Structures are given as structure tokens and as C-alpha cells.
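To keep things clear, I will list the structure first and then write my remarks on it.
Just so it is clear, none of the values below were taken in a lab; they were calculated from the coordinates. Computed from a prediction, not measured in an experiment: that's the story for all the values here. Don't worry about glycine lacking a Cβ; one is built from the backbone with ideal geometry, like all the others, and counts go over all protein chains shown.
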Amino acid sequence: MLAAVTFASVRSANRAARVAEETLLAGIRPLLMPSRHEDPPIKVGFGDGHFVHTPGGGGTVETGDSAVYLTMSVRNVGNGIAVLHGWRLEPSREVAQTRPPIEEFRRLTRDIYVATGDVSFWQGAIRDPEESDFLEIQGRMASPERIIVDLLYGDHHGRQRVISRFSLLPRENGAWLATVARHWNVDRPDPR
């Protein structure tokens with residue numbers, strides 16, 4: 001009888017500890033979305049001295065002879081600070097429903113933090129004109145066509161990583177509208 005009561009007590013304590021841990025993690029979990037259209041533009045600088053103004057709710061796509069520059073205005077709607085880890089371009093023109101492999105992401109050259117409830121930016125550059133992504137972006141700008149960007153980020157402890165799939169949709173006068181289509185958990189079960 002004592003063994004059964006002890007077993008039930010330990011099992012209940014373990015369950016309570018798991019619930020407490022999940023509650024703590026939910027309190028520091030970030031989630032990125034496009035910023036609002038009424039948010040102010042953000043001046044974004046690249047390592048080679050190139051600067052752009054990224055509008056609220058949108059992004060920028062600029063190409064030159066030696067570089068492609070991409071930016072997007074994002075808002076953290078989650079409960080914790082978001083730390084951007086990497087990005088990748090989706091080669092398909094369709095919004096695929098499967099999570100991309102982590103190995104395909106480009107690492108950011110600097111840490112970008114997005115505070116809870118705040119607006120910040122993502123930036124990426126491709127500096128090799130022979131690279132397939134460079135040529136792909138130039139082709140999509142000429143059409144103009146949607147550009148799909150996957151962002152990899154997590155909480156400020158480096159856990160709870162998420163991949164969010166964004167689209168930059170071309171608008172008139174060279175403007176790009178940012179939207180989000182999907183979020184995948186990397187380090188925890190997916191919600192679907």
C-alpha cells in the first residue's frame with residue numbers, strides 16, 4: 001500500500017513539474033509576424049555601407065552588380081525576446097507545407113534581437129553573383145514575383161527555435177508587402 005501511494009505521489013509531482021516548465025517556457029516564447037503598415041520605417045544598414053529604409057508591413061529587395069539586399073519589417077507578438085539565427089530562400093514558387101531542413105539556413109552575420117511587442121527588422125544579403133539564389137532574386141524582381149523567405153529564430157536562451165515562412169509580395173512602385181504563411185516548431189512538437 002505504501003509503495004502505491006509513493007508511486008502516485010511521485011507521478012503527480014513529475015506531472016506538476018512538467019506543467020510548471022511548460023508554463024515557464026510559454027512565458028519566454030517568441031513569435032514573429034510582419035509589422036503593421038502604420039509602423040514607422042526602419043533604417044537598415046549592411047556591412048558594405050549600403051542602407052535602405054524598410055517600411056512598416058513590408059520589405060525591400062534591391063539588386064546591384066555584386067550584391068542582392070533583402071530586408072523585412074517584423075514584429076514579435078510572442079511573450080519572449082526573439083533572437084534571429086538564420087534565413088533561407090524557398091526556391092519553389094509555391095508555399096510548401098513541409099518544414100525546411102535546418103542545414104539549408106544561412107547564418108546571420110550579426111545578432112538581431114526583437115523585443116516582446118516591438119518592431120525590428122530582418123536583413124539578408126547575397127554577395128556572389130554566380131550563386132543560384134542571386135540569379136533567382138534577379139529573375140523574380142524582373143517578373144515581378146513573390147519571394148519566399150524562411151526565418152529561423154528562438155528565445156534569448158537559444159531554445160524554442162521556430163521557422164516562420166514569410167512572403168515578400170511585389171506591389172507598385174517597387175514596394176514589397178510582407179506576409180506570413182506558416183510557423184514550424186523546431187525543438188518542440190509541432191502544433192499541427
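Please label the shape of region 2-185 as rounded, prolate or oblate, based on the square roots a ≥ b ≥ c of the eigenvalues of the alpha-carbon gyration tensor (a/c under 1.5 means rounded; beyond that, a/b larger than b/c means prolate, else oblate).
The shape class here is prolate.
Which loop-located GluC sites (Glu not before Pro) does region 35-96 contain, where loop means any DSSP state but H, G, I, E or B and the Cβ has at most 15 other Cβ atoms within 10 Å?
Glu38, Glu94
Mind checking region 79-112 for trypsin sites (Lys or Arg not before Pro) that DSSP puts in a loop (not H, G, I, E or B) and that have at most 13 other Cβ atoms within 10 Å?
Loop-located and lightly packed - Arg93.
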